[in-house]
């Protein structure tokens, strides 16, 4: 049997087209990612997820989603409640540390209930970025707080809630997107903080959670580390900072390769991401022409990347038995869901 390729792919709509099915079957992405455009109602999402896995012949193929709460939440009512943003949970933590940690754990445990009902097995959470005054609000209230300790402790609670619920967490955006003065979806941000400043704040949450099974890179240039390349395509940042100083040895996926922070054609982007030391390339928008260009240059998972991918899937155990209604009631006692 052919091995999976080192890529995670999106889809254009709510059902796979014949072309998409044939493409996935031939190119064998390791995983998939869903966005709001892919979601309408429960049976539709279940069918879409099942058809993705069927196309690659792997019932354990991970299916990812960005389900943070607040403005970054792909599942909405009636599939999932509108959950509060991370900063709202951080405000609970600021008043009562234990209550804040419990709220973060509970919300992630609820995400796990919501996702597994649909066959979705991985959540791009926790956000471990630490915003600073004057930074672009692309992170903003997606962060648990403005100090590294709060972000690290709340991020750990959130990751543990997902793992308890049988869902794979993905910490983001390593080595830290909080200082960025631009939205990397639209342009390439540049951070001019010194290495000492980055060590004193930005790296801390990632270092504290370096045992998590997966992480996503930041499309951000850190001039003190690599004046030319964003972290995603910087061999120095991946090897010396992410793998070295931060000490993360799990599966490292790029942020979306189609974001405007990156330059060059898609083949060149794939080459740069993998040459830098990322294990898996992420492509989100479902555009077939782009997906074909990405797949053409993406190799099969092999070596350390393959071992890390296997370890990430093995890190997820069967959900611990707990009554959903009781979790929802306890969470509501901590914070009322938005909307």
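Derivation of every value follows stated rules applied to the coordinates shown; laboratory data play no part. Please read these numbers as outputs of a predicted model, since none were measured by experiment. Neighbour counts run over all protein chains shown; Cβ positions are idealised from the backbone, glycine included.
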With r defined as the distance between the Cβ atoms of residue 239 and residue 147 and R0 fixed at 41 Å, what FRET efficiency is calculated, to the nearest 0.05?
0.90
Whole-percent pair-distance distribution, where bins are 10 Å wide, for the alpha carbons of the chain
6, 28, 36, 24, 6, 0
Length gained when the stretch residue 22-residue 307 is fully extended (0.36 nm per residue, less Cα-Cα span)
99.9 nm
Pairwise label distance in nanometres, residue 12 with residue 46, each label 7 Å out on the Cα-Cβ vector
2.7
For 111, 236, what ranking results if the residue with the fewest other Cβ atoms within 10 Å of its Cβ goes first?
236, 111
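Arrange 270, 220, 132 by Cβ neighbour counts within 10 Å, fewest through most, would you?
Going from sparsest to densest Cβ surroundings: 132, 270, 220.
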Between residue 91 and residue 227, what length in nm is gained on full extension when 0.36 nm per residue of separation is reduced by their alpha carbon distance?
45.4 nm
Restricting to the chain, what percent of DSSP beta bridges are antiparallel, rounded to 5?
15
Note down the nm distance, to one decimal, between modelled labels 7 Å out along Cα→Cβ at residue 116 and at residue 285.
3.5
Once every DSSP H run of n ≥ 4 in the chain is given -39500 (n - 2.57) and the sum is divided by its residues, what mean residue ellipticity at 222 nm do you get, rounded to the nearest 500 deg cm²/dmol?
-11000 deg cm²/dmol
Could you state the number of Å between the C-alpha centres of the stretch 1-77 and the stretch 262-327?
12
The simple spin-label model distance between residue 98 and residue 326, using points 7 Å out along Cα→Cβ, in nm, is 1.8
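Estimate the FRET efficiency between residue 265 and residue 300 by the formula 1/(1 + (r/R0)^6), using the beta-carbon distance for r and 22 Å for R0, to the nearest 0.05.
Once the sixth-power term is evaluated, E becomes 0.55.
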If 95, 172, 5, 304 are placed from fewest to most neighbouring beta carbons inside 10 Å, the sequence is 95, 304, 5, 172
